[in-house]
Structures are given as C-alpha cells and as structure tokens.
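Contents: one structure, followed by commentary.
The values are calculated or read from the model by the stated rules, or taken from the named source; none is laboratory data. A quick note: this is a predicted structure, and the numbers were derived from the prediction, not measured. All Cβ positions, glycine included, derive from the backbone under ideal geometry; neighbour counts span all protein chains shown. Just so you know, the surface numbers come from the protein's heavy atoms only, side chains and all, with ligands and any DNA or RNA stripped out. Shrake-Rupley method; radii C 1.70, N 1.55, O 1.52, S 1.80 Å.
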Amino acid sequence: MKNLTILPADSYIVINKTTITDADRKLISMLYQPIIGYTAVSLYNTLIDDLDKLELMSEELTHHHLMSTMQLKLEDIVIAREKLEGIGLIKTYVKKGNINSYVYLIYSPITANEFFNHPVLNVVLYNNLGKKEYERLLNYYKVPRVNLKDYEEITCSFDNAFKTYAGTVLDMPTDVIKRESNNLEITKGIDFNLLISSIPSSQISEKCFNKETKELINALSFTYNLSTLDMQGLVKNALNEKGTIDKAELRKSCRDYYKFDNNGKLPTLIYNKQPDYLKKPQGDNSKWAKMVYTFENMTPYQFLKAKYKGGEPTERDMRLVESLLVDLKLNSGVVNVLIAYVLKINNEQLKKSYVETIAGQWKRLNIETVEEAMRITEKEHKKMKKLVEDKKKSTTTTTKKETSKEAVVPAWFNQNLNELEPTNTEQEEMDKVLDEMNKVLEELV
C-alpha cells in the first residue's frame, strides 16, 4: 500500500482529531522542523488551513490543490507527508477506486516536556542542531522556578467555592473534540523473549518489563541501532536493587555505547530506502529491470547483509555507508549500486578511498536514481575497456592485471543486456545474485 501511486486528481479530506493552538504551531516550528524539515511543517500547516471555520473537517479537495497552494511537485508532497506520518503528526487512510480518496487525520504535537525526554526525538534534535542551539531551545521551554518557602497556600477548594443543587441529570458526551497526540510507531523491535530469558528471574520483578519499559527499549534500540544481544548487557547493567530498570541509566548507557562506536557522534534520521518518486515504474520484466528493482527496494544495510551471506556487516563498512547517506546525502538505491560496483571491481573489498572518490563524482553529477548510477558505471567501464584495447594494440602481451580488470564487471554493464544471450555460467551467476538478494528482501522488508 505504501507504493500506491498518487495522482493530482486524487481527492482528500482533512479531519482534525485534536485542538491546535498557536503554541502548538510554534512548538512544531522550533522542535519538529529541525528533524522533518520546512516542507513537512508547511504541509502540516496547509492541511490545517484546509479545515472549515470550526477547524473540524475540510471539504473534499484534490491533490492538485496542494500542488498549487504549496508550489511543489506531488512527489515532494508525498515525502513530506510520510515524514509527518512517521513522526506522529498525521495518519493517512485511502479508499481505492478510479479516483483514490484519501483521509488525513491531524494530531497535536507532543508537549515540550515529552519531546525533550523522548528517547528518539531528543537525541536527533540535539544532533541536528548542535549543543549551543539545542541548549537555547531547552532554556526557552524551561519553567521558571519560584521559591515559595516563605509563602502559605490559601487556595480555595472546589467544594468551598461551590454548592450543589438538584437539577437535570445529563449523559456524559463522548464525541466532543479533545487534544490528541499520536505516538511514534517503531515496527522493528527487540526480541523480548530472548532478552528476558537471558536475565535470571531472581534479578527482575514482575513489573520490570511493562509496556512503558518495552516501548523505551524498542525506541533506544532503533535510535542507537542496537540488536537484542547488544541490549542484553545494557539492560542488565541498568537493573536496580528493586528488580526494575533504571530508565535514566539505560538511556545513558545506550548513548555512551553508541558514541564509543561512532567517534563521539550521535545518530540522526535518514531515509531508509530509495524514495518512491525516484523509482523505475513497475511492469518491465527484463533482467535489467529486476536488478533495478532489487537495488531500489533494499536498504543499504539489507544489501550489505546479503553480500555478507546473511551475517552482520562490519562496523567499518556500516560507518562508511552511513557517511554516504548522511554526509553526502546520496539516495539509498544509488548507494547500493555503488557498493555492488566497488565490491565487484575490488575483490569484494569496500576500499574507503575508492568509495569516497566515486561517491564524490556521483554527487557532483547529481546522480539520484538507480538507473543513472548503473548507466554511469557502464560509461566508466567502456572508458576502462578502451584503455585496455589501446594498450593491446601497442604491446604484444597483455598482463594478468589488465585481463582481470576486463573480466570483473557487474552484470548490468552490457548496454544490450536483453538483446544478447548470456553464457550458461553468466546466467547462473546472474540468477544466483538475484535469488540471493530477493530472498533477503522477502525476509527483511
């Protein structure tokens, strides 16, 4: 359903599930915007502006209206919407038909107190803003402390201020609008059966792993990219004498663990997969299209894991890939092509200097799609092949090095891949790669 194509003619209505105040809008601008970006915040405000005078529900509108109002491409609006969904500000429903109908439910942001204590949002905000700007925002939302030590409270209670008299009995209303915020949903969680079984029952109480604690552990595992095995030691160290988990200690331990492995850096949020609007339209069953689909629909982590035959990629390789995604802001599908290309021509080694040289070139050339990345590798291969052929003409011998360079090329290098019949060995190798990648895709996606 996430890959459902959206068209300008598709309709939508906005339903307000909460009460939005000016303070909410300011909070979104100050705390949410550094994470989700200006476009997503602008879409949120535009959807609110679509509501009627009572701010309850909008009339039926088209997505062309959004495109015209925001002066954005529909693909950019969809990406902004997904960010709002992921961070809990809207929910989306769709009814499919000749013209698809969407419903957007609007939710309030969480409070500043909840935001600064959130295991994911607080860390990402700090990393995106830096210490100085983060502390400025924190001070802005801090409640001033007043010393009431020498004061006596004389507040009047309700029953002293009012008296009751016999009157009409009313049923309690259930459909009056109220303030509602939406929790972040993290679907990839910790294996709690394995985690709990690794801790002696004598060390934990019945309330140790309640719903709130499990949600915190899941959030921390996502934020700091921790596996269940990583979490086992961290949770054990955070147990107190009451047999419960010291949440503050667990947060600190997870943060320190991550910083130790990442040269003091804290994590940020990145797009996991190739954005839908940069994907090749489906329907093509050629070998080329199958390879494109594989690169587009796997995260770099999943792709690396496939190359490791299902094992965990090394921290060095993960940090290298993270720098391509975060620092150079290459799209995930493009990074997958780059990984495949470098591994193929460097004897299955991800050489950092080589990767960064190619990545820098692709960034300068504004390579955004998988097909563009695959085409440029073809172009580079042709240059290399021509150099080899020119050298053959000028010498009577060909070194083994030159021969190996010509041999180790990716399966998509042949521009006429669909017109030529591959050898049995080539076909078997290609099928093996596709089968291996698609099996991992089915298991992990």
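Would you call S11 open to solvent by less than 60 Å² (accessible area, probe 1.4 Å), under 20 Å from V124 (Cα atoms), out of contact with any helix residue (DSSP H, G or I) (no Cβ under 6 Å at 6 or more places or on another chain) and hydroxyl-bearing (S, T, Y)?
On the way: open to solvent by less than 60 Å² (accessible area, probe 1.4 Å): yes; under 20 Å from V124 (Cα atoms): no; out of contact with any helix residue (DSSP H, G or I) (no Cβ under 6 Å at 6 or more places or on another chain): yes; hydroxyl-bearing (S, T, Y): yes.
No: the conditions fail for S11.
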**Asked** Within the set of pairs 6 or more residues apart or between chains, which connect a residue that is in contact (Cβ under 8 Å) with a residue 24 or more places away in the chain inside the stretch 67-96 to a residue that is basic (K, R) and open to solvent by less than 50 Å² (accessible area, probe 1.4 Å) with Cβ atoms less than 8 Å apart?
**Response** I90/R81
**Asked** Which condition breaks for I36 when tested against (1) open to solvent by 70 Å² or more (accessible area, probe 1.4 Å); (2) under 18 Å from the mean Cα position of the chain (by Cα)?
**Response** (1)
**Asked** So N346 fits all but one of (1) open to solvent by less than 60 Å² (accessible area, probe 1.4 Å); (2) out of contact with any helix residue (DSSP H, G or I) (no Cβ under 6 Å at 6 or more places or on another chain); (3) at pLDDT 80 or above; (4) farther than 22 Å from K287 by Cβ; what number is the exception?
**Response** (3)
**Message:** For the stretch 288-309, which positions are aliphatic (A, V, I, L, M), assigned to a helix (DSSP H, G or I) and touching a residue at least 60 places away in the same chain (Cβ under 8 Å)?
**Reply:** M291, V292, A306
**Request:** May I ask you to list the residues in the stretch 357-375 that are free of Cβ contacts under 8 Å to residues at least 24 places away in the same chain and at negative phi?
**Result:** T357, I358, Q361, R364, L365, R375
**Message:** Considering only residues that are in contact (Cβ under 8 Å) with a residue 40 or more places away in the chain and open to solvent by 60 Å² or more (accessible area, probe 1.4 Å), which ones fall in the stretch 134-146?
**Reply:** Y140
**Where a residue in the stretch 242-256 is open to solvent by 20 Å² or more (accessible area, probe 1.4 Å) and its partner, wherever it lies, is among the acidic types (D, E), with Cβ under 9 Å and at least six apart** = K247/E212
**Request:** Would you mind finding the one in T5, T69, T92 that is farther than 25 Å from L137 by Cβ, β-branched (V, I, T), open to solvent by 60 Å² or more (accessible area, probe 1.4 Å) and not in a helix (DSSP H, G or I)?
**Result:** T5
**Message:** Residues to consider are V41, V103; find the one that is in a helix (DSSP H, G or I) and of a type outside the set (D, E).
**Reply:** V41
